[in-house]
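Colleague: Questions regarding the structure given below will be posed in turn.
The values are calculated or read from the model by the stated rules, or taken from the named source; none is laboratory data. Computed from a prediction, not measured in an experiment: that's the story for all the values here. Cβ sites come from the backbone with ideal geometry, for glycine too, and all protein chains shown count toward neighbours. Just so you know, the surface numbers come from the protein's heavy atoms only, side chains and all, with ligands and any DNA or RNA stripped out. Shrake-Rupley method; radii C 1.70, N 1.55, O 1.52, S 1.80 Å.
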Amino acid sequence: MSMTQHAEPAVTSPPAPGPRESDGRTSERPLALRLLARPEVGVFLGAAAVYVFFLIAAPPVREGAAMANILYSSSTIGIMALPVALLMIGGEFDLSAGVAVITSSLTASMLSYQLTMNVWVGVIVALLVSLGIGFLNGWMVVKTGLPSFLITLGSFLILQGVNLAVTKLVTGNVATDDISNMDGFSQAKKIFATSFNIGGVDVKITIFYWLVFAAVASWVLLRTKYGNWIFAVGGNKDSARAVGVPVAFTKISLFMLVGLGAWFVGMHQLFTFNTVQSGEGVGQELIYISAAVIGGCLLTGGAGSAIGPVFGAFMFGMVQQGIVYAGWNPDWFKAFLGVMLLGAVLINLWVQRTATRR
């Protein structure tokens, strides 16, 4: 009898689940707070607010041609903001990104024109030069251990001086010669600077490149081992190295990605305007960095996304063109950018504190 009693399983009803105590984990927070924790959500809301503001303040913005211009302006910023954002997630800066764009354009233009070569020779050499600048910046940061701010500030000054001095030496002017009649120009223009007519509106090809590059960058960050390396070296490079992450390769390759972006934007500018002003590009690096910061990339590294800078660049393009369509003094542009940057930083800080509050 006792054996039978021991063999029978005890059938008891499980206790009714009581209310679970919250321990502050993300999985137990409301959906709204979990969404706010995403770095790109804040800038999306900000971009929507800026868009609605200019829809009201500047009626021409509602037209298709105006929106095409806004997206074009955003794309030329956004293409460079993407690699700059990846570099910032990896814990580094590149203050030479703006003048590197002009260096790329000048290299392709002067090499092709002065040596009477097919423009594709200049394009390829410019690519090698841009990648070389990125490699040198990354290599110096890794080997010396100096802050990338100092290394790339030096690169910025060097490139700015070289751009001006070499252009004057070679062309006798501050701008390059017109290359629109040279062999290969029309083919290169179709790739880097063509337009498509969509619904009666001319749309620049850079807009499509911008969106494709953003999709690729998002996939790399979220779905590849290299993306994990970027977050790891930006969070703590010593810990990343301890678990086998190739820190030197990751950082140098990120600087080279910035060089690749500078080459692409430089080629677009060259084949859009046919000539290049050697003194341009100064200050653009701050716009690229600001777009990344507004997009949720932390200055300390280790956090951010590729989608956030897309909205950050859109905000810049919206303000830049919206001021013109509203008929305001364009001198207010930088003031608007400063307000947007400070506002985005404060909003991101508030969002992070709200999303992580227990």
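Colleague: Among Thr144, Thr176, which is the only one that is without any contact (Cβ under 8 Å) to a residue 12 or more places away in the chain and of a type in the set (S, T, N, Q)?
Modeller: After applying the criteria, what remains is Thr144.
Colleague: Quick one: in the range 222-244, which of the residues that are farther than 21 Å from Val142 by Cβ and assigned to a helix (DSSP H, G or I) is most open to solvent (accessible area, probe 1.4 Å)?
Modeller: Arg223
Colleague: Look through Ile70, Ile56, Ile89 and report the one residue that is more than 30 Å from Val166 (Cα to Cα), at pLDDT 85 or above and out of contact with any helix residue (DSSP H, G or I) (no Cβ under 9 Å at 6 or more places or on another chain).
Modeller: Sole residue among the options that is more than 30 Å from Val166 (Cα to Cα), at pLDDT 85 or above and out of contact with any helix residue (DSSP H, G or I) (no Cβ under 9 Å at 6 or more places or on another chain): Ile56.
The rows are residues; the columns are (1) acidic (Asp, Glu); (2) at pLDDT below 90; (3) open to solvent by 60 Å² or more (accessible area, probe 1.4 Å).
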site: Lys143; (1), (2), (3): no, no, yes
site: Gly154; (1), (2), (3): no, no, no
site: Leu159; (1), (2), (3): no, no, no
site: Asp178; (1), (2), (3): yes, yes, yes
site: Ser186; (1), (2), (3): no, no, yes
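Colleague: Report yes if Gly134 is surrounded by fewer than 17 Cβ atoms within 10 Å (Cβ to Cβ) and under 25 Å from Ile252 (Cβ atoms), otherwise no.
Modeller: Against the criterion (surrounded by fewer than 17 Cβ atoms within 10 Å (Cβ to Cβ) and under 25 Å from Ile252 (Cβ atoms)), Gly134 does not qualify.
Colleague: Next question, about the same structure. For the structure I just gave you, tell me whether Val203 is in contact (Cβ under 8 Å) with a residue 12 or more places away in the chain, surrounded by 14 or more Cβ atoms within 10 Å (Cβ to Cβ) and part of a strand (DSSP E or B).
Modeller: When the stated conditions are applied, Val203 passes them.
Colleague: Here are Phe264, Phe255, Phe316: which of them is farther than 25 Å from Gly138 by Cβ and either open to solvent by 20 Å² or more (accessible area, probe 1.4 Å) or touching a residue at least 40 places away in the same chain (Cβ under 8 Å) (or both)? Steps first, answer last, please.
Modeller: Numbers: Phe264 fails: farther than 25 Å from Gly138 by Cβ; Phe255 fails: farther than 25 Å from Gly138 by Cβ.
Every option except Phe316 fails the conditions.
Colleague: Within the range 60-91, which residues are closer than 26 Å to Leu157 by Cα and touching a Leu at 6+ places or on another chain (Cβ under 7 Å)?
Modeller: If the condition is that a residue be closer than 26 Å to Leu157 by Cα and touching a Leu at 6+ places or on another chain (Cβ under 7 Å), then Pro83, Leu86, Leu87, Gly90 are the ones that fit.
Colleague: Quick check: anything in the range 253-266 at pLDDT below 95, of a type in the set (Ser, Thr, Tyr) and either at positive phi or part of a helix (DSSP H, G or I) (or both)?
Modeller: The answer is no, given that none of the residues of the range 253-266 is at pLDDT below 95, of a type in the set (Ser, Thr, Tyr) and either at positive phi or part of a helix (DSSP H, G or I) (or both).
Colleague: Sticking with this structure for a sec: Among Leu159, Leu127, Leu86, which is in contact with a Phe, Trp or Tyr (Cβ under 9 Å, 6 or more places away or on another chain) and either without any contact (Cβ under 8 Å) to a residue 24 or more places away in the chain or among the aliphatic types (A, V, I, L, M) (or both)? Write out each step before concluding.
Modeller: Working: Leu159 fails: in contact with a Phe, Trp or Tyr (Cβ under 9 Å, 6 or more places away or on another chain); Leu86 fails: in contact with a Phe, Trp or Tyr (Cβ under 9 Å, 6 or more places away or on another chain).
After ruling out the rest, the residue left standing is Leu127.
Residue by residue, here is whether (1) in a helix (DSSP H, G or I); (2) at pLDDT 85 or above holds:
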site: Glu280; (1), (2): no, yes
site: Ile289; (1), (2): yes, yes
site: Val293; (1), (2): yes, yes
site: Leu299; (1), (2): no, no
site: Ile323; (1), (2): yes, yes
site: Lys334; (1), (2): yes, no
site: Leu342; (1), (2): yes, no
site: Thr354; (1), (2): yes, no
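Colleague: Determine whether Gly308 is surrounded by 18 or more Cβ atoms within 10 Å (Cβ to Cβ), in contact with a Gly (Cβ under 9 Å, 6 or more places away or on another chain), in a helix (DSSP H, G or I) and modelled with pLDDT of 85 or more.
Modeller: In short, yes.
Colleague: Let me ask something else. From the list Arg34, Arg62, Arg38, Arg25, which residue is open to solvent by 20 Å² or more (accessible area, probe 1.4 Å), among the basic types (Lys, Arg) and at pLDDT below 60?
Modeller: After ruling out the rest, the residue left standing is Arg25.
Colleague: If you don't mind, another one. Please indicate, with yes or no, whether at least one residue in the range 206-218 is among the small types (Gly, Ala, Ser), in contact (Cβ under 8 Å) with a residue 24 or more places away in the chain and touching a Phe, Trp or Tyr at 6+ places or on another chain (Cβ under 9 Å).
Modeller: Scanning the range 206-218 turns up no residue that is among the small types (Gly, Ala, Ser), in contact (Cβ under 8 Å) with a residue 24 or more places away in the chain and touching a Phe, Trp or Tyr at 6+ places or on another chain (Cβ under 9 Å).
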